[in-house]
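Taking it in order: structure first as structure tokens, then the write-up.
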Amino acid sequence: MKKLTPLICIAALGLTACGSDPEAQAGLSQVKAITKAVFSRGEVQTGPTPEEALIATLQSTSGPVAAIAIEAQGVALPFVEAGRNGPVQTWINGARQTISIKGGMIVATRGYGHDLMANDSPEIISLLAKRQSGTQNREMYFNDGSDTNYRNVIPCTVTPAGRENVQTLNGLVGTTKMVERCVSGAFEVENTFWVNGSGKTLQSRQWVSGGIGYVIVNHVRG
Amino acid sequence: MTHSARSIMTRSIGLATLLSSTLLGTATSANDTSLSTSTYGLPGLVDLPTARSLPDATIVGTYARFDTFNRSTLSFQISDRLTGSFRYSRLEGLESDGTDYFDRSFDVHYRFADEGKYRPSMAIGLRDIIGTGVYSSEYIVATKSVTPTIEATFGLGWGRLGGTYRDFDFGNGGNVNFENLFSGNIAPFGGVSWKATDKLTAKIEYSPDEYESALNGTVLDTQTPINIGIDYAYRKGQSVSAYYLHGDKVGLKFSFDLNINEPATTSGLDPAPLSIRPRPSRTSSPQTYSTDWFVTDTTAHEDVQAQITAELAKEGIEVHAMSMAPTRVELRISNTKYGAHPQAIGRTARMMSRLMPASVEVFDITLTAHGVPSSTTTVKRSDLEALEFAPSFVIQDRAQIGETVNTRQSALRPSDDLFPRLTWNLGPFARVNIFDPDSPVRADFGVRLKASYEFSPNLVLSGSVRQKLIGNLSSSTRDSNSTLPHVRSDVNLYDEQGASALESLTLAHYSRLGTNLYGRVTAGYLESMFGGVSGEVLWKPVDSRLALGAELNYVAQRDYDQLLGFQDYDILMGHVSGYYRFDNGYHAQLDVGRYLAGDYGATISLNREFSNGWKVGFYATATDVSADDFGEGSFDKGITMTVPIQWASGGSTRKTSNIDLRSLARDGGARLSVDGRLYDEVRQTHTPQLEERWGRFWR
């Protein structure tokens with residue numbers, strides 16, 4: 001199975017009694033529901049399970065590790081840090097695809113075919129970190145069929161939506177669930193960020209591009 | 001460098017835009033375009049045209065069949081309003097001796113009015129303008145949406161659409177029959193289409209064209225002027241149609257469409273580039289920025305060059321040479337992989353940020369064309385560090401693209417162990433000849449060995465031999481009846497005797513002759529029919545849309561067996577050429593000079609070019625050879641198409657597929673076919689091409 005939540009649980013085994021208390025997991029119910037619905041589609045035929053792959057990655061490196069799933073592909077893969085440039089952290093998987101994250105928000109992808117080329121939305125990142133509500137523009141840049149970057153400006157409204165727990169290697173951590181709703185004409189996406197007390201996003205589900213769709217990120221370590 | 005508003009395209013968000021990742025809106029209202037085509041492969045009802053256009057930059061291919069009629073048509077939306085079609089027909093048993101008749105025809109269709117609230121779309125069209133005239137007809141047509149799903153069409157037709165066949169030109173063909181245009185009977189036509197669902201469209205029409213051929217009696221047993229049809233678009237880009245013509249014959253049609261502006265992937269499937277490695281700030285660790293290494297570390301240049309050469313090789317980028325100064329480094333590279341040079345420049349810049357000593361602040365990245373430096377992009381390392389996650393046009397504003405730098409502070413050092421080198425390739429080949437007047441397809445298959453020995457990046461010995469294993473190219477019985485020297489028309493003899501052929505064996509030298517000047521000399525067996533010496537000079541400033549060139553060749557005709565021997569025909573020939581890349585993607589080339597048969601004249605080539613690498617165009621050559629001496633086709637002309645493999649595959653490659661649908665191989669207006677012509681390679685490393693694809697810099 002490729003569910004993100006048990007994946008984190010199993011990776012955390014030995015550190016905490018993962019998943020033993022249904023109540024404690026209630027905060028993840030939404031993610032579980034989403035991931036269950038989506039991830040039950042494809043099966044990984046060969047090689048290690050996602051859980052085994054994540055554990056192996058955690059054991060083989062002492063650096064930062066994230067578990068990231070393209071929701072439509074239904075597979076959570078381990079990513080390690082490929083680089084850091086100021087506030088932007090770039091994560092890479094074994095297939096040499098990268099996802100760059102700034103303040104919890106995905107600001108670039110590479111290697112997926114219909115990549116997010118850039119994302120300039122500092123006001124929203126700021127709202128997320130402060131766990132405040134507000135409406136600001138997202139500026140997302142994509143490549144067109146003629147190799148020119150073009151910009152989509154989407155107004156997005158960020159609102160805190162209560163407290164939820166997120167599974168980490170150190171057990172369940174209380175977070176504020178931040179919902180970002182972006183609507184423009186018939187286009188509508190809803191992103192979710194689980195932000196801890198110091199303003200750091202521990203887990204998120206974000207729309208990235210037309211070709212990629214939603215991406216689920218759990219910052220497992222670092 | 002400046003970027004215009006073009007670079008920062010803000011598009012309104014629509015579901016289609018964001019969810020499909022495909023965009024490119026035009027100002028045209030959706031009502032003026034349609035992918036629903038007639039049996040002639042242009043927007044239409046069953047057999048009749050409508051006033052719609054294809055969506056801009058769309059190519060539609062159709063194959064329609066009924067009874068003994070087979071039509072294959074390729075249509076291209078040349079501009080928002082102008083559509084062009086090339087058609088190849090097989091009319092079974094229509095020759096007087098009962099054999100199949102093959103026919104080639106061209107149509108143009110121009111939408112001159114857009115649909116308004118009360119006004120219909122209106123278009124004018126010419127069918128079969130330069131062929132033999134089998135389909136010869138003209139029309140003016142109007143189409144109006146009546147409801148969101150129903151549209152009505154009314155038109156006036158001449159020629160076949162006026163209900164009369166014109167006399168066919170079975171002579172040379174190939175000329176526009178001006179005297180026939182809009183002549184003879186006029187008849188009204190019209191019809192209605194109903195888009196019942198997204199996938200299903202039903203059509204009914206009244207057609208004056210009753211297929212009563214003067215050539216071979218009545219073709220259809222016409223019961224009624226009414227045709228009916230139904231289109232089923234079973235998946236995006238493909239549809240099938242069934243239709244019932246004149247109460248007599250049932251037909252089928254298959255069609256596909258593609259939009260050049262919609263590649264398989266927008267950003268490509270290449271592995272992610274390596275990250276920029278930012279330096280610590282100068283204030284926090286000033287010692288990092290010391291330039292002492294340049295004096296103390298005597299092997300720094302060598303070591304760094306070896307490392308970056310090895311690392312960039314993994315990315316498909318060859319480092320030919322490097323110069324190194326304490327604060328500035330130039331890399332001279334050859335991009336062997338990426339269809340868009342900016343992607344190679346970006347990856348090179350990233351690698352330099354990872355491997356260069358911290359004091360090196362300015363990166364000069366020099367692209368090469370045929371091994372000679374052709375442009376230098378200069379970027380500041382601190383800009384790269386600051387803008388890694390900004391949209392590409394921000395770094396585009398900071399970068400400078402110019403003539404290869406002459407202000408080098410230290411000597412260029414060639415990379416070790418790169419040259420000389422031998423590369424070779426053994427593989428299968430297919431030589432395909434389609435749409436011949438005698439046979440729709442002929443082909444040879446076999447194996448080909450290609451090898452090249454590069455003495456240096458710009459001095460290359462290369463050759464190609466092939467062995468035919470199976471095929472029927474040589475089955476052509478068309479012996480040349482040309483009164484000109486047989487410079488091309490003996491192609492059947494070359495095919496017949498060239499089962500084992502030396503396709504080419506040349507030594508080529510490329511050089512920079514000065515600022516903005518490039519040179520080439522090629523000697524040897526230049527192509528399958530000619531060998532000799534070819535020299536070329538090109539003037540092309542880095543930021544110029546205009547280029548000028550001259551080529552002079554002294555060549556002798558090769559033996560039919562395509563081994564080492566020559567025949568006793570030789571000629572001094574060549575051209576002066578002007579090239580211009582218009583702002584809107586159109587490209588014109590004019591060549592004036594002497595052709596292989598000794599005739600004098602000019603060739604004009606017009607292309608629509610897309611920054612993703614596609615080119616679609618046509619060319620025509622007029623020389624002092626008369627139409628009678630030229631023979632079938634009257635003059636040399638053709639349609640060319642260049643399809644970048646990367647467009648279809650998603651993964652980067654510089655390979656393209658080139659299609660040349662041309663007149664028959666005749667002797668008038670024949671050009672030499674020599675590899676390595678300068679213009680196309682050089683200009684890809686220049687603006688505006690580099691700027692147009694700059695969206696790949698951070699890719």
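Read the figures in this text as sums done on the coordinates, not as results from a lab. Everything quoted here is computed from the prediction, not taken from an experiment. Note that we place each Cβ from the backbone using ideal geometry, even for glycine, and neighbour counts take in every protein chain shown.
What to note about this one:
- Distance distribution note for the range B:521-657: the fraction of Cα pairs above 23 angstrom is 51%.
- Less than 5 angstrom separates the built amide H of residue B:653 from those of B:339, B:646, all sequence-distant by 5 or more or on a different chain.
- Karplus-derived 3J(HN,Hα), 6.51/-1.76/1.60, for each residue of the range B:693-699, Hz, glycine and proline x: 9, 5, x, 9, 4, 8, 9
- Per principal axis, descending, Cα span of the range B:31-145 in whole Å: 54, 24, 23
- Of all DSSP beta bridges in the range B:217-364, antiparallel share, percent nearest 5: 90
- Over the range A:74-222, the pair-distance histogram of Cα-Cα distances with 10 Å bins from zero comes to 11, 42, 37, 10, 1 percent, rounded to whole numbers.
- Taking 7 Å steps out from each Cα toward its Cβ at residue B:655 and residue A:60 produces label points 3.1 nm apart.
- For residue B:421, neighbours were defined as the other residues whose beta-carbon sits under 15 Å from its Cβ, and their charges (Lys and Arg +1, Asp and Glu -1) total -3.
- Anchor residue A:200: lysines whose Cα lies under 17 Å away (excluding residues fewer than 8 positions away in-chain): A:102, A:130, A:177
- Length added when fully stretched, residue B:539-residue B:606, from 0.36 nm per residue minus Cα-Cα: 22.1 nm
- Distance from the C-alpha centroid of the range B:228-267 to that of the range A:161-184: 49 Å, rounded to the whole angstrom.
- Note, ³J(HN,Hα) from phi for the range A:118-125, Karplus 6.51, -1.76, 1.60, rounded to Hz, x at Gly and Pro: 6, 8, 10, 9, x, 5, 5, 4
- Spatially proximal lysines relative to residue B:253 (Cα-Cα < 24 Å; intrachain offsets below 8 disregarded): B:195, B:199, B:203, B:236
- Cα centroid separation, the range B:175-193 to the range B:292-317 (Å): 70
- Taken over the protein assembly as shown, the alpha-carbon convex hull comes to 187 cubic angstrom per residue.
- For residues of A:86-97, the mean tally of beta carbons on other chains within 10 Å: 3
- Gain on full extension, evaluated as 0.36 nm per residue between residue B:181 and residue B:629 minus their Cα-Cα distance, stands at 158.7 nm.
- Label point of residue B:546 set 7 angstrom out along Cα-Cβ; within the range B:592-627, amide nitrogens under 20 Å from it belong to B:592-593, B:603-607.
- The alpha-carbon of residue B:117 sits under 15 angstrom from the alpha-carbons of these aspartates and glutamates, leaving out residues fewer than 8 places away in its chain: B:32, B:151.
- The modelled label-to-label distance between residue B:290 and residue B:478, using points 7 Å beyond Cα along the C-beta direction, is 7.6 nm.
- Beta bridges from DSSP with both residues in the protein assembly as shown: antiparallel share about 95 percent, rounded to the nearest 5.
- Where only C-alpha atoms are counted, convex hull volume of the range B:409-515 per residue in Å³: 178
- Cα centroid of the range B:44-85 to Cα centroid of the range A:91-109, whole Å: 45
- Residues with amide H under 5 Å from that of residue A:161, placed H, sequence gap 5 or more: A:177, A:178, A:179
- FRET efficiency estimate (nearest 0.05) - Cβ-Cβ, residue B:194 to residue B:469, R0 45 angstrom: 0.25
- Karplus-derived 3J(HN,Hα), 6.51/-1.76/1.60, for each residue of the range B:147-160, Hz, glycine and proline x: 10, x, 10, 10, 9, 10, 10, 9, x, 10, x, 10, x, 4
- If a spin label sat at a point 7 angstrom from the Cα of residue A:84 along the line to its beta carbon, the backbone N atoms of the range A:49-73 nearer than 13 Å would be those of A:63-65.
- Here, P(r) means the percent of Cα pairs in each 10 Å bin from 0 to the largest distance; for the range B:440-575 it is 11, 32, 31, 19, 7, 0.
- √(5λ) per eigenvalue of the Cα gyration tensor, chain B, largest first, Å: 51, 34, 20
- Tilt relative to chain B, helix B:300-313 - C-alpha long axis, 0 to 90 degrees, to 10: 20
- Working note: 222 nm ellipticity from helices only, DSSP H runs with n ≥ 4, each -39,500 (n - 2.57), summed and divided by the residues of chain B, gives -3000 deg cm²/dmol to the nearest 500.
- Theoretical gain in end-to-end length, residue B:283 to residue B:204 [0.36 nm per residue, Cα-Cα removed]: 20.6 nm
- Between residue B:152 and residue B:622, the simple spin-label model (points 7 angstrom out along Cα→Cβ) gives 4.5 nm.
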